[in-house]
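Shown next, in structure tokens, is the structure this report addresses.
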Amino acid sequence: MGNCFGAKSPSHHVPTLHITPSEELILYSSNSEIFTFNTLQSATNNFSNDNLLGQGGFGSVFRGLIDGNGTCMEVAVKKLEPLARLDNKEWTAEIKYLGKLHHHNIVRLIGYCKEDQHRMLVYELMPNGSLDKHLFEMGLGLQPLSWNLRIKIALGVANGLAFMHSEADRNPIVHMDIKSANVLLDSNYNAKLADFGLALDSPARVTKKMRGTKGYADVFSCKKGRIDTMYDVYSFGVVLLEMLSGQIVLDPNRPVKDLKIWVKPYLENKGEMIHIFDPRLGGEYPLMVAKKLTSLSYQCISEPKYRPTMAELVGALESLQT
């Protein structure tokens with residue numbers, strides 16, 4: 001992209017923010033930098049398509065260069081469209097939680113911009129993108145993830161969630177939208193959790209309307225209307241199934257659309273379980289370990305009282321590393 005564009009210290013030019021008192025408290029207690037719209041426009045070369053990293057219902061994400069204490073730093077700038085599905089509450093939640101969650105398996109929020117109608121979030125850049133692209137979009141020239149990388153990524157996700165669920169031993173935090181698209185990978189394929197717009201302090205009472213993403217959302221908790229850390233355990237189990245099988249959770253082209261249902265008969269017949277595993281692995285995995293992981297993933301999506309905690313899952317994954 002060439003030059004490092006001039007993102008100065010927020011004390012040089014702080015934008016006027018039109019926010020409510022409650023939003024103001026969250027924004028300014030996050031210790032995140034405040035960027036001007038002009039700074040981020042310059043950092044992304046006017047939000048050039050050449051710097052486009054991805055698009056979603058919320059808007060677009062662009063690669064950018066900012067001045068990080070005298071050195072150029074690559075960042076990802078999430079630019080929300082005025083009519084994006086991500087509302088003010090979700091945008092503020094992203095800043096609230098990422099402003100206080102500091103862990104090597106959680107993406108780092110560098111700062112934000114809120115000027116007039118403009119809402120943007122600035123994160124550390126994750127060069128290898130999201131997990132779903134590596135699992136489901138081989139047409140992009142990506143090589144299939146090896147068995148060891150998949151276990152490394154799963155352990156990273158589990159560590160990030162275990163940290164959130166034990167945050168300060170006082171206020172556990174539930175992510176509420178764990179899915180393969182929200183797991184980002186750095187240059188060494190270390191996994192980091194992203195997109196905290198739906199996060200909640202646990203336990204929480206919510207409406208019985210489904211929260212999160214269909215296929216990954218904990219149907220048991222949604223029916224009860226009570227959310228706790230077991231919600232994330234369910235979603236983690238779904239992601240683990242995707243990583244083991246190389247198949248997305250909901251696929252209309254599969255004879256059985258829902259991966260969780262498709263897997264079940266193979267689980268009940270241990271001799272058939274081999275049909276679950278991603279053929280792109282070429283059989284390069286320890287079969288007994290793969291079977292144990294599949295059973296563990298299905299335990300995660302059972303009724304809440306039968307699920308392991310994320311701390312227990314970290315221990316299980318560490319013991320199964322080869």
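The values are calculated or read from the model by the stated rules, or taken from the named source; none is laboratory data. Predicted, not measured: the structure shown is a model, and the values here were computed from it. Counting neighbours? That spans all protein chains shown, and the Cβs are built from the backbone with ideal geometry, glycine included. With ligands, DNA and RNA removed, areas are computed over all heavy atoms of the protein, side chains included. Shrake-Rupley method; radii C 1.70, N 1.55, O 1.52, S 1.80 Å.
Across the options PHE277, HIS134, LEU185, the greatest Cα extent toward the positive end of the charge dipole of the chain (unit charges at beta carbon of Lys, Arg, Asp, Glu) belongs to PHE277.
On a 0 to 90 degree scale, rounded to 10, what angle separates helix 88-98 from the longest Cα axis of the chain? Approximately 80 degrees, to the nearest 10.
Ranked by the mean number of other Cβ atoms within 10 Å per residue, highest first, peptides 149-158, 210-219 order as 149-158, 210-219. So which of LYS152/LYS291; LYS133/LYS223; LYS179/LYS209; LYS260/LYS292; LYS264/LYS291; LYS114/LYS209 end up more than 21 Å apart by C-alpha? The pairs that break the limit, which is 21 Å between Cα atoms, are LYS133/LYS223; LYS114/LYS209. With the Kirkwood sum run over all distinct C-alpha pairs, the chain has a hydrodynamic radius of 20.7 Å.
Rounded to 0.05, the FRET efficiency of the LEU287 and ASN49 pair, given R0 = 51 Å and the Cβ-Cβ distance, is 0.65. Bridgeable aspartates and glutamates around LYS192 (alpha carbons under 12 Å apart, same-chain partners fewer than 8 residues away excluded): GLU124. Over the chain, accessible surface divided per residue gives 47 Å², non-protein components excluded, 1.4 Å probe.
I need to check one value: relative contact order of the chain, counting alpha carbon pairs closer than 8 Å and at least 6 residues apart, in percent. Relative CO of the chain lands at 14 percent. Note on ASP278: accessible area approximately 0 square angstrom, rounded to 10, probe 1.4 Å, nucleic acids and ligands left out.
Note on ASN171 and ILE274: the extension gain reaches 33.0 nm, defined as 0.36 nm multiplied by sequence separation minus the Cα-Cα distance.
Once the chain from ASN31 to LEU267 is taken as fully extended at 0.36 nm per residue, the excess over their C-alpha distance is 80.2 nm. When nucleic acids and ligands are ignored and a 1.4 Å probe is applied, CYS72 ends up with an accessible area of around 80 Å². Taking only protein heavy atoms and a 1.4 Å probe, the accessible area of the chain is 50% carbon and sulfur.
Relative to the longest principal axis of the Cα atoms of the chain, helix 310-320 runs at roughly 60 degrees. If R0 equals 41 Å, the separation of the Cβ atoms of ALA204 and GLU137 corresponds to a calculated FRET efficiency of about 0.75.
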